[in-house]
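The values are calculated or read from the model by the stated rules, or taken from the named source; none is laboratory data. Here the structure is a predicted model, which means the values were calculated and not measured. Reconstructed Cβ throughout: ideal geometry from the backbone, glycine too, with neighbour counts over all protein chains shown. Note: accessible area is taken over every heavy atom of the protein model, side chains too, but ligands, DNA and RNA are not part of it. Shrake-Rupley method; radii C 1.70, N 1.55, O 1.52, S 1.80 Å.
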Amino acid sequence: MKLTIHGYSTALYATWYFIEELGILFDAGDGVCANLLGKAGKIKHAFISHADRDHLTGLLQFNQLFAGLKPTIYYPKDAGSFPFLNDFFTKFDPHNKGTNWQAIKDKAIFSVKNSIQVEAIENGHVVQPGLLKSLSFKVFETKRKLKSKFVNLNKEELINIKKEHGDHFLTNELKRNILSYSGDTPIEDYERYHNSEILIHEATFMTKEETNTKAFKNKHSSLDEVFKMVANIKIDKLILGHFSSRYDQHEIDNEIKKHIQQYNIKIPVHRIPVGKAVKNILAQEPIN
Ligand SMILES: [Zn+2]
């Protein structure tokens with residue numbers, strides 16, 4: 001499935017990614033509606049990775065404009081900011097009803113569309129033992145494919161077998177991880193994104209040493225760590241975002257090119273420039 005992904009992602013200011021064909025929004029920082037305009041009405045499922053303000057302040061305007069379309073907002077179950085927001089929105093905009101709020105657990109799976117599911121995975125961005133406060137997400141497409149032993153049968157024979165034994169006798173399930181979104185997270189488990197067709201990953205800092213800064217209380221990834229992981233797993237396309245605005249864009253791009261060369265990365269690598277929204281990210285020229 002071809003995916004049209006629009007997004008903005010600059011650390012501390014705002015992050016959001018809209019996957020148009022799937023009606024999915026990952027995070028809802030400032031500017032979601034201002035950038036997507038009427039397209040924001042296509043958002044049916046908004047998965048919010050955690051309660052840092054740069055990932056949720058766009059929800060107020062989204063709710064005000066599109067609550068009537070009954071979208072669902074999913075959030076980590078122990079992130080108390082969301083029930084508070086729900087309560088506040090209800091009082092602030094009492095006429096805009098319809099938004100569903102759904103607290104989600106680690107490994108929860110939601111069907112968002114025919115054949116499309118989203119799985120939530122706890123990550124270590126917010127460290128509060130015993131409480132689920134931050135999530136990454138994986139999107140799967142499930143299709144049924146004719147078993148190889150039946151490929152030479154004609155249509156009529158297939159229909160008869162299906163009538164007698166059912167679809168599961170004829171076909172195997174084919175499950176593909178078509179997209180993964182890291183949210184804000186340190187690098188934890190290389191296996192998590194192995195075989196993702198598209199990976200959207202944060203790279204707040206350039207180097208691992210810088211991730212220990214006091215300016216950010218929660219844990220983040222660095223560009224060098226992301227590339228080390230990407231070099232060790234199979235993915236088809238990489239989108240990098242959530243860069244800190246402390247870096248100049250040339251500096252970021254040069255670092256990205258350096259790692260692409262160092263690790264001999266052959267897949268297309270895209271990046272969200274600091275302070276800029278990008279329309280149809282995958283249709284833009286990759287950096288390599
Ligand atoms: Zn963030």
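Somewhere in the stretch 254-268, is a residue away from the ligand (no atom under 14 Å from the Cβ), closer than 24 Å to Gly31 by Cα and at pLDDT 95 or above? Break it down into steps so the answer makes sense when it comes.
Initially, the stretch 254-268 is screened for residues away from the ligand (no atom under 14 Å from the Cβ), giving 254-268.
Going one step further and asking which of them are closer than 24 Å to Gly31 by Cα, we end up with none.
Within the stretch 254-268, none of the residues are away from the ligand (no atom under 14 Å from the Cβ), closer than 24 Å to Gly31 by Cα and at pLDDT 95 or above.
Within the stretch 127-142, does at least one residue satisfy the condition of being of a type in the set (Phe, Trp, Tyr) and open to solvent by 80 Å² or more (accessible area, probe 1.4 Å)? So that I can check it myself, show each step before the final result.
Here is the first cut: in the stretch 127-142, the ones of a type in the set (Phe, Trp, Tyr) are 137, 140.
Still in the running and open to solvent by 80 Å² or more (accessible area, probe 1.4 Å): none.
No: the stretch 127-142 contains no residue that is of a type in the set (Phe, Trp, Tyr) and open to solvent by 80 Å² or more (accessible area, probe 1.4 Å).
When you go through Gln64, Gln102 one by one, which is the residue that is outside any helix (DSSP H, G or I) and not charged (D, E, K, R)? Working first, answer last.
Values: Gln64 fails: outside any helix (DSSP H, G or I).
Just one listed residue meets the conditions, Gln102.
Taking the stretch 73-99, which residues are closer than 21 Å to Gly38 by Cβ, open to solvent by 20 Å² or more (accessible area, probe 1.4 Å) and either within 22 Å of the chain's Cα centre (by Cα) or among the polar types (S, T, N, Q) (or both)?
Hits for the stretch 73-99 are Asn96, Thr99.
Exactly one of these conditions fails for Asn63: (1) among the polar types (S, T, N, Q); (2) crowded, with 16+ Cβ neighbours inside 10 Å; (3) touching a Leu at 6+ places or on another chain (Cβ under 8 Å). Give me its number.
(3)
Just the residues that are under 15 Å from Ile187 (Cα atoms) and either among the charged types (D, E, K, R) or within 12 Å of the ligand (Cβ to nearest atom) (or both), please, taken from the stretch 206-242.
Scanning the stretch 206-242 gives Lys208, Glu209, Glu210, Asn218, Lys219, His220, Ser221, Asp224, Glu225, Lys228, Gly241, His242.
Can Phe82 be described as on the phi < 0 side of the Ramachandran plot, in contact with a Cys (Cβ under 8 Å, 6 or more places away or on another chain) and either of a type in the set (Val, Ile, Thr) or not in a loop (DSSP other than H, G, I, E, B) (or both)?
Values: on the phi < 0 side of the Ramachandran plot: yes; in contact with a Cys (Cβ under 8 Å, 6 or more places away or on another chain): no; either of a type in the set (Val, Ile, Thr) or not in a loop (DSSP other than H, G, I, E, B) (or both): yes.
For Phe82, the condition - on the phi < 0 side of the Ramachandran plot, in contact with a Cys (Cβ under 8 Å, 6 or more places away or on another chain) and either of a type in the set (Val, Ile, Thr) or not in a loop (DSSP other than H, G, I, E, B) (or both) - is not met.
Let me spell it out: the conditions are (1) of a type in the set (A, V, I, L, M, F, W, C); (2) touching a strand residue (DSSP E or B) at 6+ places or on another chain (Cβ under 8 Å); (3) away from the ligand (no atom under 12 Å from the Cβ), and Ala51 meets all of them except one. Which number is the exception?
(3)
If you take the residues in the stretch 21-48 that are assigned to a loop (DSSP other than H, G, I, E, B) and open to solvent by 10 Å² or more (accessible area, probe 1.4 Å), which one is farthest from the ligand (Cβ to nearest atom)?
Our first condition is that a residue be assigned to a loop (DSSP other than H, G, I, E, B); within the stretch 21-48, this holds for 23, 27-31, 43-44, 48.
This time we only want the ones that are open to solvent by 10 Å² or more (accessible area, probe 1.4 Å), so: 30-31, 44.
Numbers: Asp30: 12, Gly31: 14, Lys44: 23 Å.
It comes out as Lys44.
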